[in-house]
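Report on the following structure.
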């Protein structure tokens with residue numbers, strides 16, 4: 001069990017906190033809004049009303065003892081930067097911060113954030129990719145150059161093996177898993193026959209993923 005500190009209780013922060021708690025982890029949430037703190041108190045380990053820009057307040061919470069701090073304040077850029085910096089200075093092992101834009105992210109990385117996330121941007125990208133093709137179920141950007149897709153098997157792929165389809169040669173993608181009603185098969189081999197209802201988890205470069213999406217949208 002890991003210990004997580006979630007600082008900021010907007011929709012993103014509240015969702016992260018409750019999910020981590022449901023997964024069995026020790027979760028402390030911190031927000032200056034007493035109403036938000038009260039609303040989530042039954043769904044996390046500890047809920048504290050405090051000004052997270054106050055170094056003394058963070059020290060009193062024993063923040064340095066936590067494995068991960070997630071700074072989910074995005075709109076108040078000054079507070080986001082200050083809290084991220086304080087978390088690092090207090091010795092938090094891993095600090096994740098939410099950014100509003102690329103410049104905000106650059107500053108967060110400069111002051112020591114271990115990872116920066118763009119939840120609104122990423123969700124917008126995922127929705128857009130599902131809209132351009134009926135078969136795209138989910139989209140995850142792994143890096144600026146590589147992405148992962150969860151997609152329903154194309155109708156004219158049904159009954160063929162992965163070897164027959166030569167997806168790597170045709171589209172430059174790698175199938176890393178096949179999801180079926182009876183479970184999931186990781187690293188399927190070339191002899192796997194695709195069935196109706198199969199969901200493929202594929203990985204590839206952004207260029208190759210776009211080529212696949214265009215093919216499926218036609």
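Expressed as a rounded percentage, what relative contact order does the chain have, with Cα pairs under 8 Å and six or more residues apart? Relative contact order here is 13 percent.
Just want the ordering: 84, 72, 53, from fewest to most Cβ atoms lying within 10 Å of their own Cβ.
Listing 84, 72, 53 from fewest to most nearby Cβ atoms yields 53, 72, 84.
Relative contact order of the range 3-117, please, whole-number percent, based on alpha carbon pairs below 8 angstrom and at least 6 residues apart.
Relative contact order comes out at 22 percent.
Judged by the gyration tensor of its Cα atoms, with axes a ≥ b ≥ c, the chain is prolate; a/c meets the 1.5 cut and a/b is the larger of a/b and b/c.
Axis of helix 77-89 versus longest Cα principal axis of the chain: the two differ by about 80°, to the nearest ten degrees. Placing R0 at 35 angstrom, the Cβ-Cβ distance between residue 102 and residue 59 gives a FRET efficiency of 0.65 after rounding to 0.05.
Rounded, prolate or oblate, given the Cα gyration tensor of the range 1-121, with a/c below 1.5 counting as rounded? Mind dumping the intermediate values first?
On the way: a/c = 1.45, a/b = 1.30, b/c = 1.11.
It comes out rounded by the Cα gyration axes.
Using the rule -39500 (n - 2.57) for each DSSP H run of four or more residues, divided by the residues of the chain, the 222 nm mean residue ellipticity is -10500 deg cm²/dmol.
Averaging Cα coordinates gives a centre for the range 146-172 and one for the range 68-111; these two points are 39 Å apart.
The numbers here are math on the coordinates, done by the rules we state, and not lab data. Keep in mind that what you see is a predicted model, and the values were worked out from it rather than measured. Neighbour counts run over all protein chains shown; Cβ positions are idealised from the backbone, glycine included.
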